[in-house]
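Before any comments, here is the structure.
Any read-out appearing in this document is the output of simple, stated calculations on the displayed coordinates, not a laboratory observation. Given the structure is predicted, the values throughout are model-derived calculations rather than measurements. Note: ideal-geometry Cβ built from the backbone for every residue, glycine included; neighbour counts use all protein chains shown.
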Amino acid sequence: MAHYFFNQTVNIAPKTLQDWVTQVFEAVGMSAEDAALTAHTLVVADARGVHSHGCLRVGLYVKRIERQAVDPRAKPEVLRERGALALIDGHNAAGQVVSHFAMQKAIDLAERSGVSFVTARGSNHNGAAAFYSMMALPRNMVGFSSSIGGGNLMPVYGGAERRIGNNPFSFAFPALKHDAVVLDMAQSVVAKGKIMMASKTNSPIPLDWALDAEGVPTTDPAAATQGFLRTMGDYKGSGLSVVIGMLSSMISSAAIGPTLKDVYEDFEPLNKGHSFCAIRLDFLVDPEEFKRNMDVQIEFIKQSKKASGVEEIFLPGEMEARNYRRQMRDGIDMPSEVIEEITQLSQRLGVAVPQLAELN
């Protein structure tokens, strides 16, 4: 279960949040279409309960646009295309704009060829990886997305300085009666966004999440920000970070290692890399048969004998899907600190602040 550190929340209708954040991005120069897309990816993350990749990021994105580290009007383009392969140049557009364009290209290529691989450079932070892998689901495809992380945040196994990124990737598999199986993860014990949330709300973090600048485990999120994220599984997490980073960036000639900038500290173009894949099921198997078999496998796993104290076994993405349905219906419970930050941004930018409910 994810840990988020906030005591007060504001319940806000998804459309209200979507329209509000869209207007904020328009106010700093994004087109209406790109602003709406970027806002949509963040609102979906919050609705799924993944607040580390939701509207918490609005302030950072606005700051990067205002300091000319991101071009709000740039448009990605296909540089090379051969068979089921394509290379995208994002031209320093918002990461969500580049990634949506690239994943749509991957889906289109898979529609024709059965499978595809699309890689991008010249991009920026693109939010939750699951948003892009899940784009394949309505087309009866398996989706994959990956990205280089927001900077070299972790030491390689055996090392004592930042040399590898927390590089996210996601797989999405469609099912029939059950929710799609959607894995979205990086290689640290937790995402840096969760430590950011703890820092914003002045809350301690678990001791196994991060190390301070001296390499000592810490419960202080501020000290963790100055230190290192911890890799999961020691050398396994370290190795996975290395290869996901290479897959995301080296094929497209995007930044990695010594050329990788920090999204929070370096206000210049990042040249971030992403990679995407789609697999068209009906080239190999009847999609309905595949999804029925997915249901069988899901039920086989969920019906396992439970460990002491466990009420239900969850598949990857299942809790997020339940959160999404509930919060899209009942409103999204947003951390009050995030709402306050967007309110202050709106007042500075001349964007109308919607009428909000009382704090819970």
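Rounded to the nearest angstrom and ordered from largest down, what semi-axes does the equivalent ellipsoid of the chain get from its C-alpha gyration tensor (root of 5λ)? Present the calculation step by step, with values, prior to reporting the outcome.
Numbers: eigenvalues 157, 127, 114 Å².
After diagonalising the Cα gyration tensor, the semi-axes are 28, 25, 24 Å.
Which one, 313, 254, 199, is farthest towards the positive end of the dipole of the chain when Lys and Arg carry +1 and Asp and Glu -1 on their Cβ?
About the Cα centre, the residue reaching furthest to the positive side is 254.
Using bins 5 angstrom wide from zero, how does P(r) for the stretch 259-336 break down, in % of all Cα pairs?
P(r) for the stretch 259-336, in whole percents per bin: 3, 10, 10, 11, 13, 14, 16, 11, 9, 4, 0.
Once the convex hull of the alpha carbons of the stretch 114-197 is built, what does its volume come to per residue, in cubic angstrom?
133
Using the per-residue mean of other Cβ atoms lying within 10 Å as a proxy for protection, in what order, highest first, do the peptides 276-283, 252-259, 186-193 fall? Please report the intermediate quantities before stating the final value.
On the way: 276-283: 21.5, 252-259: 18.1, 186-193: 23.5.
The densest-packed peptide leads the list: 186-193, 276-283, 252-259.
Fewest to most neighbouring Cβ within 10 Å: what's the order for 214, 320? Kindly include the intermediate steps, with their values, before the conclusion.
Working: 214 10, 320 22.
Fewest-to-most ranking of 214, 320: 214, 320.
Could you grab the relative contact order for the chain? Cα pairs under 8 Å, six or more apart, rounded to a whole percent.
24
Between residue 16 and residue 265, what FRET efficiency follows from the Cβ-Cβ distance if R0 is 41 Å, with the result rounded to 0.05?
With R0 = 41 Å, the Cβ-Cβ based efficiency is 0.80.
Once you charge only the Cβ atoms, +1 for Lys and Arg and -1 for Asp and Glu, what is the size of the charge dipole of the chain about its Cα centre, to the nearest 20 debye? Numbers along the way, then the final one.
On the way: 35 positive and 40 negative charges, 103 e Å.
So the dipole magnitude of the chain works out to roughly 500 debye.
Using the structure shown, list the pairs from 105/236; 236/261; 192/261 with a Cα-Cα distance above 21 Å, or answer none. The partial results should precede the final answer.
Working: 105/236 32 Å; 236/261 24 Å; 192/261 15 Å.
Violating the 21 Å Cα-Cα cut-off are 105/236; 236/261.
Of all alpha-carbon pairs in the stretch 110-150, indicate the percentage at a distance above 16 angstrom.
42
To the nearest 0.05, what FRET efficiency results for residue 104 and residue 79 with a Förster distance of 25 Å applied to their C-beta separation?
0.95
Please state the relative contact order of the stretch 160-220 as a whole percent: Cα pairs under 8 Å, 6+ residues apart?
22
For every other residue with a beta carbon closer than 12 angstrom to the beta carbon of residue 53, add +1 if it is Lys or Arg and -1 if Asp or Glu, then tell me the sum.
Values: positive: 48, 57, 192, 194; negative: 46, 184, 320.
Summing Lys and Arg as +1 and Asp and Glu as -1 gives +1.
With each run of n ≥ 4 DSSP H residues scored as -39500 (n - 2.57), what mean residue ellipticity at 222 nm is computed for the chain after dividing by its residue count and rounding to the nearest 500 deg cm²/dmol?
When only DSSP H runs of four or more count, the value is -11500 deg cm²/dmol.
For the pair residue 31 and residue 246, what calculated FRET efficiency results from E = 1/(1 + (r/R0)^6), where r is the Cβ-Cβ distance and R0 = 35 Å, to the nearest 0.05?
Working: r = 33 Å, r/R0 = 0.95.
It comes to 0.60.
Where does the charge balance sit around residue 91 when Lys and Arg score +1, Asp and Glu -1, over other residues with C-beta under 9 Å from its C-beta?
-2
Would you work out if the stretch 1-142 is rounded, prolate or oblate? Take a ≥ b ≥ c from the square roots of the eigenvalues of the alpha-carbon gyration tensor; rounded if a/c is under 1.5, else prolate when a/b is larger than b/c, oblate otherwise.
oblate
Assuming 0.36 nm per residue, please report the length gained on full extension of the stretch residue 8 to residue 355 beyond their Cα-Cα distance. Before the final figure, lay out each step's value.
Values: separation 347, 0.36 × 347 = 124.92 nm, distance 1.71 nm.
That pair, residue 8 and residue 355, stretches by 123.2 nm at full extension.
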